[in-house]
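Here is the structure we will look at.
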Amino acid sequence: MRDNIRIVFSVPSTMPRPIHALIHTAALRHNLQRCRQAAGGARVWAVVKANAYGHGMARVYEALQGADGFALLDLHEAQLLRDLGWRGPILLLEGVFEPRDLELCSRLNIWHAVHSDEQLAMLAAHKTLQPHTVFLKINTGMNRLGFAPHRARAVWTRLQAMPQVEDIGWMTHFATADVAEPGLHSAWQSFIHTTAELPGLRSACNSAALLRHPQIAAQTDWVRPGIALYGSSPDAPEHDIAHWNLQSTMSLRSRIIAVQDLLPGQSIGYGATFTPDRPLRIGIVACGYADGYPRICPTGTPVLVDGQRSRTLGRVSMDMLAVDLSANPALPDWQPGHGSEVTLWGTASNGAVLSIDEVAAAAGTLGYELMCALAARVPVQTD
């Protein structure tokens with residue numbers, strides 16, 4: 001008989017690479033207060049979907065518990081909020097997906113959106129001792145979720161007749177709040193006309209609507225800022241975070257692990273996509289697309305090296321990327337090398353800021369995507 005052999009693999013709790021992300025809790029508090037100022041008298045949902053936009057629910061909770069409620073998509077995240085001690089309102093922005101979700105909503109006292117006939121049918125068949133608070137979603141032009149305005153009164157009447165429902169609120173989501181386009185105003189007029197003379201709390205205004213159109217926010221009962229809480233401009237590139245008095249909440253930092261000196265005609269990285277026409281000193285950074293940094297970022301994407309602006313060179317690899325260490329006559333004391341700090345986005349140790357929106361623009365995307373794409377292998381700390 002063969003002996004039983006037990007093999008134990010020891011896995012380190014963190015990678016030995018110098019990359020890490022830092023979540024700035026003071027900045028989260030500041031941004032929440034900024035959103036509250038814009039909201040006037042409206043109450044504030046802190047939107048924490050997608051694991052708090054990649055920041056981590058448990059990491060942001062203490063900083064954001066000054067909100068009036070939390071809005072999210074996932075019942076598991078709702079359970080985590082309750083486990084963390086939150087006893088206030090929680091809203092499921094897309095409502096329930098299966099009939100059994102309603103039981104958990106009852107047990108955890110979760111409010112939820114109702115946007116479809118299927119959800120109406122689930123509610124009607126649900127047996128509960130705890131009546132639900134729901135928000136009836138009206139489609140005012142986004143054309144993703146919600147009932148057409150002409151159906152609103154009939155759906156409200158049906159919900160009102162259900163013993164499973166205690167309170168009915170109203171919500172909508174604006175498609176064009178982040179651009180200078182009159183569609184938002186027609187959507188708002190559609191919403192207030194549709195819900196006129198019907199009782200219930202009104203919820204509208206994402207980050208862009210809240211900051212760009214505070215006069216609309218002042219007419220609602222609840223606003224729902226998301227991206228603004230996390231230090232990204234909701235209407236970038238038209239306005240940056242400084243314009244809106246927002247602060248960066250996530251910094252992605254690493255270090256230079258090697259230095260190379262390129263001669264004219266030599267190239268760097270896969271595909272040899274960058275070849276200098278003069279001697280160039282480059283630093284190799286322990287960060288790549290497997291860490292969540294966009295592979296699509298081209299040569300010239302901004303970075304901070306020891307707190308000073310520089311640029312990427314060549315293609316982003318899975319685990320590494322290259323940055324320009326060329327001497328800058330304007331910075332005679334700047335002498336980066338092996339071990340120098342590189343800030344891929346966010347705030348450097350010396351306080352210099354590289355907005356995540358600027359990096360996202362170079363990649364042809366939004367700060368939202370970069371935050372949410374932070375890889376699980378990157379250690380995360382809070383300050």
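The values are calculated or read from the model by the stated rules, or taken from the named source; none is laboratory data. Just so we're clear, the structure is a prediction, and the values are computed from it rather than from any experiment. As a convention, Cβ positions derive from the backbone with ideal geometry for all residues, glycine included, and neighbour counts pool all protein chains shown.
Given His126, His132, which one is farther than 27 Å from Arg36 by Cβ, surrounded by fewer than 22 Cβ atoms within 10 Å (Cβ to Cβ) and in contact (Cβ under 8 Å) with a residue 12 or more places away in the chain? Reasoning before the result, please.
On the way: His132 fails: surrounded by fewer than 22 Cβ atoms within 10 Å (Cβ to Cβ).
Of His126, His132, the one residue that is farther than 27 Å from Arg36 by Cβ, surrounded by fewer than 22 Cβ atoms within 10 Å (Cβ to Cβ) and in contact (Cβ under 8 Å) with a residue 12 or more places away in the chain is His126.
Is at least one residue of segment 141-161 part of a strand (DSSP E or B), within 21 Å of Leu72 (Cα to Cα) and either free of Cβ contacts under 8 Å to residues at least 24 places away in the same chain or under 20 Å from the mean Cα position of the chain (by Cα) (or both)? Outline the logic, then answer.
Step one: list which residues in segment 141-161 are part of a strand (DSSP E or B), which gives 147.
Of the ones still in play, those that are also within 21 Å of Leu72 (Cα to Cα) are 147.
The next check asks that each one be either free of Cβ contacts under 8 Å to residues at least 24 places away in the same chain or under 20 Å from the mean Cα position of the chain (by Cα) (or both); those that pass are none.
Taking every residue of segment 141-161 in turn, none turns out to be part of a strand (DSSP E or B), within 21 Å of Leu72 (Cα to Cα) and either free of Cβ contacts under 8 Å to residues at least 24 places away in the same chain or under 20 Å from the mean Cα position of the chain (by Cα) (or both).
For segment 191-210, which residues satisfy the criterion of being part of a helix (DSSP H, G or I), in contact with a strand residue (DSSP E or B) (Cβ under 8 Å, 6 or more places away or on another chain) and of a type in the set (Ser, Thr, Tyr)?
Of everything in segment 191-210, those that are part of a helix (DSSP H, G or I), in contact with a strand residue (DSSP E or B) (Cβ under 8 Å, 6 or more places away or on another chain) and of a type in the set (Ser, Thr, Tyr) turn out to be Thr194, Thr195.
May I ask you to say which residue of Tyr293, Tyr368 is surrounded by 19 or more Cβ atoms within 10 Å (Cβ to Cβ), not in a loop (DSSP other than H, G, I, E, B) and not hydrophobic (A, V, I, L, M, F, W, C)? Working first, answer last.
Numbers: Tyr293 fails: not in a loop (DSSP other than H, G, I, E, B).
The conditions single out Tyr368.
Quick one: how many residues across segment 342-357 are out of contact with any strand residue (DSSP E or B) (no Cβ under 6 Å at 6 or more places or on another chain) and surrounded by 18 or more Cβ atoms within 10 Å (Cβ to Cβ)?
2
Evaluate the following for Gly283: is it at pLDDT 95 or above and exposed (fewer than 14 other Cβ atoms within 10 Å of the Cβ)?
So Gly283 fails the test.
Restricting to segment 38-77, name every residue that is touching a Cys at 6+ places or on another chain (Cβ under 9 Å) and of a type outside the set (A, V, I, L, M, F, W, C).
Passing the criteria: Asn51, Tyr53, Gly54.
With touching an Asp or Glu at 6+ places or on another chain (Cβ under 9 Å), assigned to a loop (DSSP other than H, G, I, E, B) and buried (at least 24 other Cβ atoms within 10 Å of the Cβ) as the only criterion, which of Pro234, Pro225 stands out?
Values: Pro225 fails: touching an Asp or Glu at 6+ places or on another chain (Cβ under 9 Å).
Exactly one of Pro234, Pro225 is touching an Asp or Glu at 6+ places or on another chain (Cβ under 9 Å), assigned to a loop (DSSP other than H, G, I, E, B) and buried (at least 24 other Cβ atoms within 10 Å of the Cβ), namely Pro234.
Search segment 12-60 for residues being of a type in the set (A, V, I, L, M) and on the phi > 0 side of the Ramachandran plot, and hand back the single one that is surrounded by the fewest Cβ atoms within 10 Å (Cβ to Cβ). Talk me through it step by step, then tell me what you get.
Pass one, segment 12-60, residues of a type in the set (A, V, I, L, M): 15, 19, 21-23, 26-28, 32, 38-39, 42, 44, 46-48, 50, 52, 57-58, 60.
Within this subset, residues satisfying the condition of being on the phi > 0 side of the Ramachandran plot are 50, 52.
Working: Ala50: 17, Ala52: 28.
Filtering first and then ranking leaves Ala50.
Let me spell it out: the conditions are (1) on the phi > 0 side of the Ramachandran plot; (2) surrounded by fewer than 17 Cβ atoms within 10 Å (Cβ to Cβ), and Cys205 meets all of them except one. Which number is the exception?
Condition (2) is where Cys205 drops out.
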